[in-house]
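Enquirer: Following this message is one structure expressed as structure tokens.
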Amino acid sequence: MKTYVEMSQEELKAEIASLKESYKKYQDMELSLDMSRGKPCREQLDLSMGMMDALNSDADLSCEDGTDCRNYGVLSGIQEAKVLIGDMMENNPDNIIIYGNSSLNVMYDTVSRAMTHGIMGNTPWCKLDKVKFLCPAPGYDRHFSITEYFGIEMITVPMTPEGPDMDMVEKLVSEDESIKGIWCVPKYSNPQGYSYSDETVRRFARLKPAAKDFRIFWDNAYGIHHLYDDHQDYLIEILAECKRAGNPDLVYKFASTSKVTFPGSGIAALATSLNNLEDIENQLKHQTIGHDKVNQLRHVRFFGDIHGMVEHMRKQAEVIRPKFEAVEEIFDKNLTGLGVGEWTKPRGGYFISFDALPGCAKAIVDRAKKAGVKMTPAGATYPYGKDPLDSNIRVAPTYPSIEDLKTAAQLFTVCVRLVSAEKIYKEKFN
């Protein structure tokens with residue numbers, strides 16, 4: 001098979017004409033499909049319905065220590081929930097605060113507190129002339145929106161299959177005191193599905209930041225979200241590694257059950273050093289008397305322990321694994337050998353990352369939209385929504401039915417081929 005670049009003018013013209021016919025057929029289908037966000041599908045949510053029966057009006061709503069979960073109190077979360085989430089996060093329960101339903105909310109609050117009151121006695125960020133964050137990209141758009149909202153300058157750090165470019169990270173944080181943090185999705189990253197290598201995690205733990213209040217915002221959103229039983233990525237536990245490196249306070253580690261149980265009604269958590277916990281709790285006590293302990297208890301009663309949670313996630317994988325494989329199969333069949341793009345094949349998480357030819361991503365997403373398939377906006381995976389190459393597209397396979405997904409993936413490949421062929425034709429023959 002020839003690549004598009006290798007085709008003659010006549011061959012490429014014929015290919016474009018054929019692709020336009022295919023595209024028109026999809027337009028005539030009047031599709032309305034959504035691949036824009038990484039949401040669990042109905043079948044995944046159905047797996048958690050038993051949680052609604054874990055507690056009822058006859059249930060004992062007291063914790064093992066006698067705490068009545070219906071009442072006020074327990075700022076940092078009930079012990080049973082700390083044990084369960086501690087096992088999920090691979091952290092000691094004593095190093096955990098259980099929050100409400102959203103880890104994104106916890107991250108927002110953490111940045112907000114640093115802005116207004118500072119971290120562990122350091123100058124509040126709002127009183128500084130400049131505050132900067134490192135942003136590995138492609139990355140999670142909602143991380144970037146938090147920092148942009150607070151007026152924090154974002155510095156793009158290239159992602160690799162091993163994690164962020166650590167030479168760049170080490171140099172920047174050691175030289176610039178205004179750099180206060182870095183966003184990380186270390187396991188099955190959003191959108192590429194990469195997991196940080198052992199060396200990358202160890203280099204993070206051994207950073208020597210110029211700023212005393214520099215923190216790694218370690219969003220381990222997909223820690224137990226494997227697609228396969230026999231091919232799972234492994235991640236060194238960052239808090240333990242930081243402690244070994246003599247940097248115990250360097251990390252805020254976030255997680256939640258948003259894509260484990262119900263995204264709107266999960267429980268979120270932060271794991272960090274005892275020094276950081278004390279600092280956070282001194283501020284948190286002015287914000288709340290305690291989060292939803294009934295929901296914490298409901299999660300504990302539903303899962304029992306981490307083994308119940310792991311088995312639950314195995315069932316989820318059985319639902320979404322065929323969707324990832326269907327997309328990858330269609331991409332392989334329709335795009336391999338044409339020289340029009342590359343894509344990741346993750347072993348977990350929620351996304352596939354597609355890199356089109358430079359200058360094509362926006363046009364591809366626009367073509368898909370006009371034919372009835374909504375995708376994440378091109379550029380969303382970069383700070384300020386600006387992909388310098390206009391190349392990266394995040395593909396979210398989990399939410400649609402597998403039939404709709406296959407249709408959307410087929411249409412997407414038509415859009416990729418058409419936009420790429422038109423670009424190459426224009427460059428070669430116009």
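Enquirer: Kindly provide the set of residues from the stretch 197-247 that are among the aromatic types (Phe, Trp, Tyr) and more than 22 Å from Gly86 (Cα to Cα), ordered by number.
Expert: The answer is Phe214, Tyr228.
Enquirer: In this structure, is Asp249 open to solvent by 10 Å² or more (accessible area, probe 1.4 Å), in a loop (DSSP other than H, G, I, E, B) and without any contact (Cβ under 8 Å) to a residue 60 or more places away in the chain?
Expert: Criteria not met by Asp249.
Enquirer: Output the residues belonging to the stretch 4-23 that are open to solvent by less than 100 Å² (accessible area, probe 1.4 Å) and either out of contact with any helix residue (DSSP H, G or I) (no Cβ under 9 Å at 6 or more places or on another chain) or in a strand (DSSP E or B) (or both).
Expert: Ser8, Glu11, Ala14, Ala17, Ser18
Enquirer: Separate question: Would you check if there is a residue in the stretch 372-382 being more than 21 Å from the chain's Cα centre (by Cα), among the β-branched types (Val, Ile, Thr) and either over 20 Å from Tyr26 (Cα atoms) or open to solvent by 10 Å² or more (accessible area, probe 1.4 Å) (or both)?
Expert: no
Enquirer: While we're here: Being aromatic (Phe, Trp, Tyr) and surrounded by fewer than 18 Cβ atoms within 10 Å (Cβ to Cβ) is the requirement here; does Tyr72 meet it?
Expert: Yes; evaluated as a whole, the condition is true for this residue.
Enquirer: Now a separate question. So is Lys406 in a strand (DSSP E or B) and under 24 Å from the mean Cα position of the chain (by Cα) or not?
Expert: Considered against the rule, which asks whether it is in a strand (DSSP E or B) and under 24 Å from the mean Cα position of the chain (by Cα), Lys406 comes out as no.
Enquirer: Determine the pairs where a residue that is in contact (Cβ under 8 Å) with a residue 60 or more places away in the chain, located within the stretch 309-324, has a partner that is surrounded by fewer than 19 Cβ atoms within 10 Å (Cβ to Cβ) and among the aliphatic types (A, V, I, L, M) with Cβ atoms under 7 Å apart, the partner being 6 or more residues away or on another chain.
Expert: His312/Leu47; Lys315/Leu47; Gln316/Leu47; Pro322/Ile402; Lys323/Ile402
Enquirer: From (1) open to solvent by 50 Å² or more (accessible area, probe 1.4 Å); (2) part of a loop (DSSP other than H, G, I, E, B); (3) closer than 30 Å to Pro377 by Cβ, pick out the condition that doesn't hold for Gly100.
Expert: Condition (1) is where Gly100 drops out.
Enquirer: Go through the stretch 271-314 and give me each residue that's outside any helix (DSSP H, G or I), of a type in the set (A, V, I, L, M, F, W, C) and open to solvent by 30 Å² or more (accessible area, probe 1.4 Å).
Expert: Correct list: Ile289 only.
Enquirer: Is there any pair with a first residue in the stretch 216-242 that is in contact (Cβ under 8 Å) with a residue 24 or more places away in the chain and a second that is open to solvent by 30 Å² or more (accessible area, probe 1.4 Å) and among the polar types (S, T, N, Q) whose Cβ atoms are under 7 Å apart and which are 6 or more apart or on different chains, and what are they?
Expert: His226/Gln232; Leu239/Asn95
Enquirer: Could you give me the residue pairs with C-beta distances under 8 Å whose first residue belongs to the stretch 325-337 and is part of a helix (DSSP H, G or I), whose second residue is open to solvent by 70 Å² or more (accessible area, probe 1.4 Å) wherever it lies, and which are 6+ apart or on separate chains?
Expert: Ala326/Lys406; Glu328/Lys345; Ile330/Lys406
Enquirer: Could you check the stretch 141-161 and list, in sequence order, the residues that are under 20 Å from Leu172 (Cα atoms) and hydroxyl-bearing (Ser, Thr, Tyr)?
Expert: Those that are under 20 Å from Leu172 (Cα atoms) and hydroxyl-bearing (Ser, Thr, Tyr): Thr147, Thr156, Thr160.
Enquirer: Which of the numbered conditions does Ser102 fail, given that it passes all the others? Conditions: (1) touching a residue at least 40 places away in the same chain (Cβ under 8 Å); (2) farther than 30 Å from Leu128 by Cβ.
Expert: The single condition Ser102 does not satisfy is (2).
Enquirer: Assess whether Glu241 counts as being open to solvent by less than 30 Å² (accessible area, probe 1.4 Å) and not in a loop (DSSP other than H, G, I, E, B).
Expert: Answer is yes for this residue.
Enquirer: Could you identify the single residue in Ala326, Ala268, Ala317 that is open to solvent by less than 60 Å² (accessible area, probe 1.4 Å) and out of contact with any helix residue (DSSP H, G or I) (no Cβ under 9 Å at 6 or more places or on another chain)?
Expert: Ala317
Enquirer: Report, by residue number, each residue of the stretch 340-363 that is in contact with a Ser or Thr (Cβ under 8 Å, 6 or more places away or on another chain) and assigned to a helix (DSSP H, G or I).
Expert: Passing the criteria: only Ala361.
Enquirer: Exactly one of these conditions fails for Thr413: (1) hydroxyl-bearing (Ser, Thr, Tyr); (2) crowded, with 17+ Cβ neighbours inside 10 Å; (3) under 22 Å from the mean Cα position of the chain (by Cα). Give me its number.
Expert: Status for Thr413: all satisfied but (3).
The values are calculated or read from the model by the stated rules, or taken from the named source; none is laboratory data. As the structure is a prediction and not an experimental result, all values here were calculated from the model. Here the Cβ is made from the backbone with ideal geometry for all residues, glycine too, and neighbour counts use every protein chain on show. Please note that ligands, DNA and RNA were not included when accessible areas were found on the heavy atoms of the full protein model with its side chains. Shrake-Rupley method; radii C 1.70, N 1.55, O 1.52, S 1.80 Å.
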